[in-house]
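This report refers to the structure that appears directly beneath it.
The values are calculated or read from the model by the stated rules, or taken from the named source; none is laboratory data. The shown structure was predicted, so the numbers you read here are calculated from the model rather than taken from an experiment. All Cβ positions, glycine included, derive from the backbone under ideal geometry; neighbour counts span all protein chains shown. For accessibility, only protein heavy atoms count, side chains too; no ligands or nucleic acids. Shrake-Rupley method; radii C 1.70, N 1.55, O 1.52, S 1.80 Å.
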Protein chains: 2
Amino acid sequence: MTTRQLHLNAFLMEAGHHEAAWRLPESEAGAGLDVRHYVRLAQIAEAARFDSIFFADGATVQGSGEFRIAGQLEPLTLLTAVAAATERIGLIATASTTYNDPYALARRFATVDHVSGGRAGWNIVTSATHEEAANFSLAERPLQATRYERADEFLQVAQKLWDSWADDAFVGDKERGRWGDPARIRSIDHEGRFFQVAGPLNVPRPPQGYPLLVQAGASEQGKAFAAKHAEAIFVAHQTLEQAQAFYTEIKGRAVAAGRDADHVLVLPGIVPIIGDTEAEATALARHLDDLRVPEYGLRQLAAFLEVDESELDLDAALPDHVVERTHREGFDSRSRLVIDLAQRESLTVRQLLGRLGGGRGHNVVIGTPVQVADVIETWFTQGAADGFNVMGAALPSGLEAFADTVVPILRERGLFRTEYEGTTLRDHYGLPRPANQLDLVGADVV
Amino acid sequence: MTTRQLHLNAFLMEAGHHEAAWRLPESEAGAGLDVRHYVRLAQIAEAARFDSIFFADGATVQGSGEFRIAGQLEPLTLLTAVAAATERIGLIATASTTYNDPYALARRFATVDHVSGGRAGWNIVTSATHEEAANFSLAERPLQATRYERADEFLQVAQKLWDSWADDAFVGDKERGRWGDPARIRSIDHEGRFFQVAGPLNVPRPPQGYPLLVQAGASEQGKAFAAKHAEAIFVAHQTLEQAQAFYTEIKGRAVAAGRDADHVLVLPGIVPIIGDTEAEATALARHLDDLRVPEYGLRQLAAFLEVDESELDLDAALPDHVVERTHREGFDSRSRLVIDLAQRESLTVRQLLGRLGGGRGHNVVIGTPVQVADVIETWFTQGAADGFNVMGAALPSGLEAFADTVVPILRERGLFRTEYEGTTLRDHYGLPRPANQLDLVGADVV
């Protein structure tokens, strides 16, 4: 193919991204706890030739109170199960640099990359919530600036560890009894502010060199980190203009950091709600919204904005002091996106919840397959996206509908692959395999 | 079946437990890096109705220097891959309480237990080496006493987290919009010396309640921990008398700790080297020993005993000061086992290496299938073992030989199952499902 190609990631979440999707008659309420559900979703995405699937993560119970407390399986464990049931699709999971150790995590991603034949991707997060800190023996959550400094050093250590074996370090010379070449495996002796790590890693260099590095925070710190390190960026935008501004900014910052703009792929989230007709799509969206429990949404929103529920009135606008509070340091950029949406469209809290319930701030597109494909093509061709993070409102039905009806239109328009051309996740995204940064010839060996 | 039944665990390691197994013509030198190798081994063990498979672990490169540097895949990642390719066999992996956080690890084992339908087991280790400390930002390895105190609290936190969801906490009531029952999910608010953890876990209670708890250290601290917590113990003994003494001691200590002696299963390691005739078995053992590289073994032994290579002479006994050094605090009980073996049999270092190369201190049994079965029956019926940790010298051939020739004899003698009777790992080992220790009625909820 010669024309620029779209990239599609399937963001998998329980019975769907819409908060009420699990209540649909056809849904499995406990889908989030069932590995077979995720295997099935990954197989649907692979059959449609998606670049990758993705599992988000956070080390706390999602939701609280009367209406919903969702358990969640550990995503790297899920990735391996999905790897065994698929052949080509990329496998991306979130893992925190604040609540992991680099040796252990580098090793786990290296293992997933080996087990999957080069299909691992790591969505790097710094874990903003108080609740996570309280699960990891911290009295307070670390400041955002500290978290990103740690993330930077964490990634540096992980890359050194992946590079601690040359690609040809494993020899397997039975005749001479040489399993590995010690001149091609070395310590890293990292001494930093957060970590002191001797190395080498105890896993050979991953097939991809490094797993694909993904990032999803859109705060100022997050963008700085993404411009420097990320190869794919998951981001939430409500409007084309916002998405274009972000796209231009992040590509510019990547180039300023000495990187190739094509090696930083921007994938906005899209929640497609698809019907054969516009009326059908709208009816499906309305049906999902009717299944929402407003009190659950209110509690979620209050927790998200870090205010007490009693400060929010379902039938009034967000109070000014709440809006101002979210501009403090430490707040996720997603909070500001929510505030912006409420202000831009003058929404009451109830209306805001309706807009958020379907996609937590991501772009919900309700329409026919052609209408959904049009939005994708517009964003893709008008400097807003290199592809999309496809978030089925209900799963599997939303992913199936997208694969069956939107993907063929994208193919007709020459925008999306009909077959995989490579075998690794980096191949699918058109990203280079990183060279080993350590000089392993003549280096001190273990 | 009415007679007491043997338990068999297949301890899987790369191309085999013999250090030179990877050099056999039929071996895959890079087997340790190939998930398909482990899937095949697990399927062989499952077809033979083994209770479980087991992956050991350590967060350092194994071996050093010219002759061997073995990479190793991360074992919990491997477990999931094996879970997907098997149906009934138990899945045990080592994980360290010194270099993990309880929230993250409790969650991973809970996930493996969910994904496998109740087949997860956790071999709890405290990680004795300097090298691991140096990979986890510690200037020194923690003292053994500190490590075990941490292990104790770690396990306590993990159990609270697994108990933080009642077994019936997930409701899935679509009609009322109640996903979970908040009165059946609660915080743990653990405040201890090492950990402060709010909880609840973000994974529902594992199918087994807790994963099977396994322990493998035979130091005084290790035995105290095992008597209190372990449900299965992997241990190394060279003689029936040693094994009987350990068995009697550990069962007595478990009873003294208020536990049922039948709920602490003792599984000594056995490295069977099997031939149709004794001469054939001896020839296979000799062939493997001839493939050893003595300099590699010497380096390993020096590292193991924490002495300089230059202090060891291949053709002399272990020097006295080396023997004495290993009695200091912090040394693994395995070191003392090696020293005892050398002294009991008056071995030179070279002879000692020959004895260790095949099984790292475990009992190497060279003989016909009947001879191997006789040793197993003797140990099993004479108060030394509840089953065995079967360590194929070469893999898969050693496991295949055991499954094809020894297992049928054990069945003829009425000692081993022909079919699984339950579905979980606890079922196979005849161990109860732990009750939830938290009172979840009327408790403070999240």
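Only residues that are in contact with a Gly (Cβ under 9 Å, 6 or more places away or on another chain) and more than 8 Å from every other protein chain (Cβ to nearest Cβ) were counted across segment A:39-66, and they come to 6. Among the conditions (1) modelled with pLDDT of 90 or more; (2) touching an Asp or Glu at 6+ places or on another chain (Cβ under 7 Å), the only one that A:Arg299 does not satisfy is (1). With the requirement that a residue be more than 14 Å from chain B (Cβ to nearest Cβ), over 23 Å from B:Asp189 (Cα atoms) and not aliphatic (A, V, I, L, M), what does segment A:128-152 give you? Scanning segment A:128-152 gives A:Gln144, A:Thr146, A:Arg147, A:Tyr148, A:Glu149, A:Asp152. Just so you know, in segment B:1-35 the residues that are open to solvent by 10 Å² or more (accessible area, probe 1.4 Å) and among the aliphatic types (A, V, I, L, M) include one that is nearest to the chain's Cα centre (by Cα), and it is B:Met13. Note on segment B:192-221: residues that are part of a helix (DSSP H, G or I) and either touching a Gly at 6+ places or on another chain (Cβ under 6 Å) or within 10 Å of chain A (Cβ to nearest Cβ) (or both) total 0. Would you check if B:Leu288 is buried (at least 19 other Cβ atoms within 10 Å of the Cβ), in contact (Cβ under 8 Å) with a residue 12 or more places away in the chain and closer than 16 Å to B:Gln343 by Cβ? Criteria not met by B:Leu288.
Given the criteria more than 20 Å from B:Ala218 (Cβ to Cβ), within 27 Å of the chain's Cα centre (by Cα), open to solvent by less than 40 Å² (accessible area, probe 1.4 Å) and hydroxyl-bearing (Ser, Thr, Tyr), does B:Thr381 qualify? Write out each step before concluding.
On the way: more than 20 Å from B:Ala218 (Cβ to Cβ): yes; within 27 Å of the chain's Cα centre (by Cα): yes; open to solvent by less than 40 Å² (accessible area, probe 1.4 Å): no; hydroxyl-bearing (Ser, Thr, Tyr): yes.
So B:Thr381 fails the test.
Is it the case that some residue within segment B:202-211 is free of Cβ contacts under 8 Å to residues at least 12 places away in the same chain, open to solvent by 20 Å² or more (accessible area, probe 1.4 Å) and either closer than 30 Å to A:Gly71 by Cα or touching a strand residue (DSSP E or B) at 6+ places or on another chain (Cβ under 7 Å) (or both)? No; the residues of segment B:202-211 include none that is free of Cβ contacts under 8 Å to residues at least 12 places away in the same chain, open to solvent by 20 Å² or more (accessible area, probe 1.4 Å) and either closer than 30 Å to A:Gly71 by Cα or touching a strand residue (DSSP E or B) at 6+ places or on another chain (Cβ under 7 Å) (or both). The C-beta contact set for segment B:169-191 (first residue facing another protein chain (nearest Cβ under 7 Å) and surrounded by 16 or more Cβ atoms within 10 Å (Cβ to Cβ), second residue among the basic types (Lys, Arg) and in a loop (DSSP other than H, G, I, E, B), distance under 9 angstrom, 6+ apart or interchain) comprises B:Gly177/A:Arg68; B:Gly177/A:Arg292; B:Arg178/A:Arg68; B:Trp179/A:Arg68; B:Gly180/A:Arg68. Just so you know, in segment B:332-355 the residues that are in contact (Cβ under 8 Å) with a residue 60 or more places away in the chain and closer than 19 Å to B:Glu19 by Cα include one that is most open to solvent (accessible area, probe 1.4 Å), and it is B:Arg334.
Taken over segment B:1-32, the residue count meeting the criterion of being assigned to a loop (DSSP other than H, G, I, E, B) and either within 26 Å of A:Val115 (Cβ to Cβ) or of a type in the set (A, V, I, L, M, F, W, C) (or both) is 17. Taking B:Glu175, is it at pLDDT below 95 and within 30 Å of B:Ala342 (Cβ to Cβ)? Against the criterion (at pLDDT below 95 and within 30 Å of B:Ala342 (Cβ to Cβ)), B:Glu175 does not qualify. Restricting the first member to segment B:81-96 and to residues that are within 11 Å of chain A (Cβ to nearest Cβ), and the second to residues that are assigned to a loop (DSSP other than H, G, I, E, B), the beta-carbon pairs closer than 6 Å and six or more apart or on different chains are B:Ala83/B:Ser116; B:Ser96/B:Ser127. B:Leu161 - would you say it is without any contact (Cβ under 8 Å) to a residue 12 or more places away in the chain and either open to solvent by less than 10 Å² (accessible area, probe 1.4 Å) or in contact with a strand residue (DSSP E or B) (Cβ under 9 Å, 6 or more places away or on another chain) (or both)? Spelling it out, it is not the case that B:Leu161 is without any contact (Cβ under 8 Å) to a residue 12 or more places away in the chain and either open to solvent by less than 10 Å² (accessible area, probe 1.4 Å) or in contact with a strand residue (DSSP E or B) (Cβ under 9 Å, 6 or more places away or on another chain) (or both).
Each row is one residue, and each column tells you yes or no for (1) out of contact with any helix residue (DSSP H, G or I) (no Cβ under 7 Å at 6 or more places or on another chain); (2) surrounded by 19 or more Cβ atoms within 10 Å (Cβ to Cβ).
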residue: A:Val255; (1), (2): no, no
residue: A:Gly258; (1), (2): yes, no
residue: A:Pro268; (1), (2): no, yes
residue: A:Gln300; (1), (2): yes, yes
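Quick one: is B:Asp113 farther than 30 Å from A:Ala85 by Cβ, within 21 Å of the chain's Cα centre (by Cα) and more than 9 Å from chain A (Cβ to nearest Cβ)? Against the criterion (farther than 30 Å from A:Ala85 by Cβ, within 21 Å of the chain's Cα centre (by Cα) and more than 9 Å from chain A (Cβ to nearest Cβ)), B:Asp113 does not qualify. Here the condition is being of a type in the set (Val, Ile, Thr) and modelled with pLDDT under 95; of A:Thr98, A:Thr111, A:Thr60, A:Thr94, it holds for A:Thr60 alone.
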